[in-house]
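Visitor: Below you'll find the structure I mean.
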Amino acid sequence: MATSVRTFPTGSVLFHENDRSREMYVIQKGRVRIYKSEKGQKVDICELGKGSIVGEMSLLDGRARSATVEALEDIEVATVTSEDFEKKVREVPEWFFGIIKILCSRLREADKRYKSSLDSETAAHVATLIHMLLNKSDAASGTEANSLELKFAKMEIIDILSLSIDKVNSVFKDMERVGIMTVSQNRLCVPNRKKLLVFADSKREVDSAAWVRYDGKWTPEKQEAVECLYALSQDGKPDKEGFCAIPLEPAPKGWERLNDQKAFLSELEPKEVIRLEKRLKEKSEEYDITKLSVHRIRLAVLLSFVLFQPKPENS
């Protein structure tokens, strides 16, 4: 396949994210940085050196670039154009090229999931930091005010988490939309700190949201049961899988209400939200729960579907 050799000086960009160019580059000399732009910030993906290939997905499927590639030092690359590539792939069986396109599609889907995970992780960090700032304010004032000076909160978040002001404003908007916080008279107000913690935890395992979702009918009693389990999980130490054991002797706070929801708890087991060990009562189809382990993060995800219903945009 015909290729041409090109050089790029340090700091130059081979292509930008969302460009429609289709060249593929094989690095012959030097190193490049691959990054994505997120609300004005550069998020590094990786660095590549001699022998590595960049730009192959756009060459194969014709879609926009998924990231930016920048030279970290003077580099030399072999360039493969879309015209040269298409001439060569005419010799490749159509079914084989179809497999390549499927693989490209899967890589792009994984890239979307990565971006979603990154957004959720940022929201979790912001919510956790707001909770810490509220606690610090309480300790200083001796009262629980549930509010912070807006400019102070933003500057602390930008400084500690190294976020852009645009990113902070975006996260604040999302938190306002689901009722976690309000902004009024230059103050950030959090009416319910427990919900703030649930929000933070629910954003830490975004991939579990689809299969943790409860498809049955929610009732106040079921919501109360999940809130009780979540509260019990706060003092537990999670194992390697994220589950923490809840001591049942003496009976924990709210245990009677949980016992009344045994059927509902059993529905949560297949979702890997809780784990139960049961013992049948003598001469009865009823059972006692002898061991209980809960996954705090997944409980938060489950609660998020009930607690954080987005408000209409025009409200």
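The values are calculated or read from the model by the stated rules, or taken from the named source; none is laboratory data. This is a predicted model, so every value here is computed, not measured. With ideal geometry, Cβ positions are generated from the backbone for all residues, glycine too; neighbour counts draw on all protein chains shown.
Visitor: Determine whether the stretch 245-252 contains at least one residue that is outside the structural domain of Asn146 (by TED's automatic domain parsing) and under 21 Å from the mean Cα position of the chain (by Cα).
Guide: From the stretch 245-252, those outside the structural domain of Asn146 (by TED's automatic domain parsing) are 245-252; that's our starting set.
Checking the rest, the ones that are also under 21 Å from the mean Cα position of the chain (by Cα) come to none.
So far as the stretch 245-252 goes, no, none of its residues is outside the structural domain of Asn146 (by TED's automatic domain parsing) and under 21 Å from the mean Cα position of the chain (by Cα).
Visitor: What number of residues within the stretch 247-267 are surrounded by 13 or more Cβ atoms within 10 Å (Cβ to Cβ) and either without any contact (Cβ under 8 Å) to a residue 24 or more places away in the chain or within 21 Å of Ala200 (Cβ to Cβ) (or both)?
Guide: Total satisfying the criteria: 3.
Visitor: If a residue must be in a loop (DSSP other than H, G, I, E, B) and buried (at least 19 other Cβ atoms within 10 Å of the Cβ), how many such residues does the stretch 31-65 contain? If you could, list the steps in order and put the result at the bottom.
Guide: Start the filter on the stretch 31-65 by keeping residues that are in a loop (DSSP other than H, G, I, E, B), which leaves 31, 39-40, 49-52, 55, 62-65.
Retained after the next criterion (residues that are buried (at least 19 other Cβ atoms within 10 Å of the Cβ)): 55, 65.
Number satisfying all stated conditions: 2.
Visitor: Looking at Ile27, Ile34 in this structure, which one is in contact with a Cys (Cβ under 8 Å, 6 or more places away or on another chain), of a type in the set (Val, Ile, Thr) and closer than 24 Å to Leu103 by Cβ? Steps first, answer last, please.
Guide: Values: Ile27 fails: in contact with a Cys (Cβ under 8 Å, 6 or more places away or on another chain).
Result: Ile34 is the single residue among Ile27, Ile34 that is in contact with a Cys (Cβ under 8 Å, 6 or more places away or on another chain), of a type in the set (Val, Ile, Thr) and closer than 24 Å to Leu103 by Cβ.
Visitor: Can you find even one residue in the stretch 73-95 that is closer than 28 Å to Asp166 by Cβ and either outside any loop (DSSP other than H, G, I, E, B) or among the basic types (Lys, Arg) (or both)? Give the derivation first.
Guide: Of all residues in the stretch 73-95, those closer than 28 Å to Asp166 by Cβ come to none.
The answer is no; no qualifying residue exists.
Visitor: State yes or no: is Glu76 touching a strand residue (DSSP E or B) at 6+ places or on another chain (Cβ under 6 Å), in contact (Cβ under 8 Å) with a residue 60 or more places away in the chain and more than 18 Å from Cys104 (Cα to Cα)? Lay out the reasoning, then the answer.
Guide: Numbers: touching a strand residue (DSSP E or B) at 6+ places or on another chain (Cβ under 6 Å): yes; in contact (Cβ under 8 Å) with a residue 60 or more places away in the chain: yes; more than 18 Å from Cys104 (Cα to Cα): yes.
When the stated conditions are applied, Glu76 passes them.
Visitor: Let me ask another. Which condition breaks for Ile160 when tested against (1) at pLDDT 70 or above; (2) surrounded by 14 or more Cβ atoms within 10 Å (Cβ to Cβ); (3) touching a helix residue (DSSP H, G or I) at 6+ places or on another chain (Cβ under 7 Å)?
Guide: Every listed condition holds for Ile160 apart from (2).
Visitor: Out of the stretch 58-73, which residues are more than 16 Å from Cys104 (Cα to Cα) and among the charged types (D, E, K, R)? Full working, then the answer.
Guide: Of the stretch 58-73, the ones more than 16 Å from Cys104 (Cα to Cα) are 68-73.
Answer for the stretch 58-73, where residues must be more than 16 Å from Cys104 (Cα to Cα) and among the charged types (D, E, K, R): Glu70, Glu73.
Visitor: How many residues are part of a loop (DSSP other than H, G, I, E, B) and not hydroxyl-bearing (Ser, Thr, Tyr) when one looks only at the stretch 1-30? Give the derivation first.
Guide: First, the residues of the stretch 1-30 that are part of a loop (DSSP other than H, G, I, E, B): 1-3, 9-12, 16-23, 30.
Among the residues that remain, those that are also not hydroxyl-bearing (Ser, Thr, Tyr) are: 1-2, 9, 11, 16-20, 22-23, 30.
Residues flagged as part of a loop (DSSP other than H, G, I, E, B) and not hydroxyl-bearing (Ser, Thr, Tyr) within the stretch 1-30 amount to 12.
Visitor: Now a separate question. Among the residues of the stretch 171-216, write down those that are modelled with pLDDT of 80 or more and of a type in the set (Val, Ile, Thr).
Guide: Across the stretch 171-216, the qualifying residues are Val171, Val178, Ile180, Thr182, Val183, Val190, Val198.
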